[in-house]
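**Q** First the structure, then my questions, so here it is.
Nothing in this text is a laboratory measurement; each read-out follows from the coordinates by a stated rule. If you're wondering where the values come from, they're calculated on a predicted model, not measured in any experiment. Note that each Cβ is placed from the backbone with ideal geometry, even for glycine, and that neighbours are counted across all protein chains shown.
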Amino acid sequence: MAVHFINPDKTSSFINVLNSDPEFKIAARYMTKDVCIEVGKIKCIVKFRDGVITQMKSENAFADPWDFAIRGSVDAWEKFLQPIPPRFYDGIFGGMIRGNFVLEGDTVSAFSHFWAVTRMLDIFRELQNK
Amino acid sequence: MAVIEPVVGKYVYLNIQGVEYRVFYEESGAGIPIICQHAGGGDGLEWRTLLNDADITSKYRVIVPNLPYHGKSLPPESLEWWKLEYRLTKSFFMDFHLELSIALDLDRPVYMGCYVGGFMALDLALEYPDKFRAVIGVGAAQRGGPATLDTFYHPSVTNNYRRVNAMYFCAPMTPEVHRREVTWCAMQCAAPTTKGDLYYYFKEHDLTGKTHLFDTSRCAVYLLTGDYDPTSSVEDTMELAKAIKGSKFTEMKGLSHAGMHENPPVFKSYLTPILDEIVKHSEQP
């Protein structure tokens, strides 16, 4: 299963869907952070500026800075993106408790903006299965 | 004609460890008393469906208290609580339930609790087996384990964090309307309560080396854990059930952290056989 949100060909449509989602627009308000979503060895840097996603970069992003990162193996993300994920892969926080995902960097900022981040990941799942 | 629920809310004054607390509780039904304890950083809203379930309230007097500092149970007037770090301790939590039983004149009630409340089910059964006829621990485990609690009460982290955690502590098959209610309720309690309640959960509850001391002939022990729960897994609770002789464990399929709130009909399907067994046992001479 290919992980769609790291596919550069899909980046533009993902950004459009995210920025037009009513819940995401409320959840992401005031957020200006760079978030690294790491899928195995691939980094996807998502740039938030004043609550709007301005860029998703998964090509040549290995040296790009970020505020906080959520890391998981390819297998972990494939499970997370299933329509009904298996237990311990259905949420990032629960997955962290069980060691399937890792949060690194400015964790206070991550938790401050956890609603926006988790809504974004839910939309990733919705688009993965569309 | 307007729909009016049979649930009644009252206040009872409890003296706990020398301090008077005005404690809010709801109740509904008649029969064997069953105290339903909310989870950490929560309040009695978690049990609202059970309070309105005629199948249960026809046999049970369902009582849902809010711990001091939670929901409508305010901090005490006699303490300068704002100068203190809010922290739920095991001794306070146990004394709260002992005093509540006395104040409401309950005859060996059933105690049922979720998470922080579920852990308390075990501590009560271990230390006061003659005060409760049975305990039902939802998401109970032998111990809480290490954890960093600071992010649960931090000036940069709002109640939205708790809301999100609650949302993803619902199994993915949870009806959306319930998932969103769980998240809304998770934001209701005062900011310090989640961190303070988890002090008991993570730091004080530990049954290591004590499980052989349970006497389930005096106080029956039932354990319910959702298969999606990442905090107390099915395996964690099974390990505990094996260690407590005479305890009964049920895996709840399709539920996670707070089954009674995230998917009440599914939770009820697992709870009903336990309640029937308690009724049957209570009728025996």
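**Q** Counting only other chains, and only Cβ atoms inside 10 Å, what mean value do you get across the residues of B:216-228?
**A** Mean partner shielding for this stretch: 1.
**Q** Residue by residue through B:170-179, how many Cβ atoms from other chains fall within 10 Å of the Cβ on average?
**A** 2
**Q** Listed highest first by mean packing, meaning other Cβ atoms within 10 Å per residue, what order do B:194-202, B:253-261 come in?
**A** B:253-261, B:194-202
**Q** What size of dipole, in debye to the nearest 20, comes out for the protein assembly as shown about its Cα centre when the only charges are +1 on Lys and Arg C-beta atoms and -1 on Asp and Glu C-beta atoms?
**A** Here the size comes out at about 460 debye.
**Q** Related question: Does the stretch B:8-283 come out rounded, prolate or oblate by the C-alpha gyration tensor, with a ≥ b ≥ c the root eigenvalues, rounded set by a/c under 1.5 and, if not, prolate when a/b is larger than b/c and oblate if not?
**A** rounded
**Q** With chain B treated as a Gaussian network of Cα nodes joined by springs under 10 Å, which of B:VAL138, B:VAL64, B:VAL164 yields the largest mean-square fluctuation?
**A** Result: B:VAL164 has the largest fluctuation of those listed.
**Q** Now for a separate question. Taking the inverse of the average 1/r across all pairs of different Cα atoms in the stretch B:214-285, what Kirkwood radius in Å do you get?
**A** 13.0
**Q** To continue, here is another question. Calculate the length of the line joining the C-alpha centroid of the stretch B:114-136 to that of the stretch B:6-45, in whole Å.
**A** Result: 16 Å between the Cα centres.
**Q** Sticking with this structure for a sec: Can you spot the lysines whose alpha carbon is less than 25 Å from A:LYS25's alpha carbon? Ignore those fewer than 8 places along the same chain.
**A** Reachable lysines: A:LYS10, A:LYS33, A:LYS43, A:LYS47, A:LYS57, A:LYS130.
**Q** Then there is this: Hey, what's the Kirkwood Rh for the stretch B:25-67 if you take every pair of different alpha carbons, in angstrom? All intermediate terms of the calculation are to be shown ahead of the outcome.
**A** Numbers: mean 1/r = 0.0990 Å⁻¹.
About 10.1 Å for the stretch B:25-67.
**Q** Once you order the gyration tensor axes a ≥ b ≥ c over the Cα atoms, which shape class does the protein assembly as shown get: rounded for a/c under 1.5, otherwise prolate or oblate by comparing a/b with b/c?
**A** prolate
**Q** Could you give me the ³J(HN,Hα) list for the stretch B:201-213, computed from phi with Karplus coefficients 6.51, -1.76, 1.60 and θ = phi - 60°, whole Hz, x at Gly and Pro?
**A** Whole-Hz 3J(HN,Hα) from phi for the stretch B:201-213: 4, 8, 9, 10, 6, 7, 9, 4, x, 10, 5, 6, 8.
**Q** What's the magnitude of the charge dipole for the stretch B:8-283 around its Cα centre, counting Lys and Arg as +1 and Asp and Glu as -1 at the beta-carbon? Answer in Debye, nearest 20.
**A** Roughly 100 debye for the stretch B:8-283.
**Q** Which far-off residues, 5 or more places away or on another chain, put their amide H under 5 Å from the one on B:VAL23, with H placed in the peptide plane?
**A** Excluding prolines and chain starts, which carry no amide H, the hits are B:VAL12, B:TYR13, B:LEU14.
**Q** For the stretch A:68-130, what is the relative contact order in percent, using Cα pairs closer than 8 Å and at least 6 residues apart in sequence?
**A** In percent, rounded to a whole number, it is 41.
**Q** Return the loop-located trypsin sites (Lys or Arg not before Pro) in the stretch A:1-60 (DSSP other than H, G, I, E, B) with at most 11 other Cβ atoms within 10 Å of their own Cβ; answer none if there are none.
**A** In loop regions of the stretch A:1-60 (DSSP not H, G, I, E or B), the sparsely surrounded trypsin sites (Lys or Arg not before Pro) are A:LYS41.
**Q** If you take the square roots of the eigenvalues of the alpha-carbon gyration tensor of the stretch A:1-69 and sort them as a ≥ b ≥ c, do you get rounded (a/c under 1.5), prolate (a/b over b/c) or oblate?
**A** Taking the square roots of the gyration eigenvalues as a ≥ b ≥ c, the stretch A:1-69 is oblate.
**Q** When Cβ neighbours within 10 Å are restricted to other protein chains, what is their mean count per residue of peptide A:76-89?
**A** If you average over the peptide's residues, the count of other-chain Cβ atoms is 2.
**Q** Show me, for the stretch A:108-118, the HN-Hα J-couplings you get by feeding each phi into the Karplus relation (A = 6.51, B = -1.76, C = 1.60, θ = phi - 60°), rounded to Hz, glycine and proline as x.
**A** Values per residue, Gly and Pro as x: 4, 4, 4, 6, 4, 10, 5, 4, 4, 5, 6 Hz.
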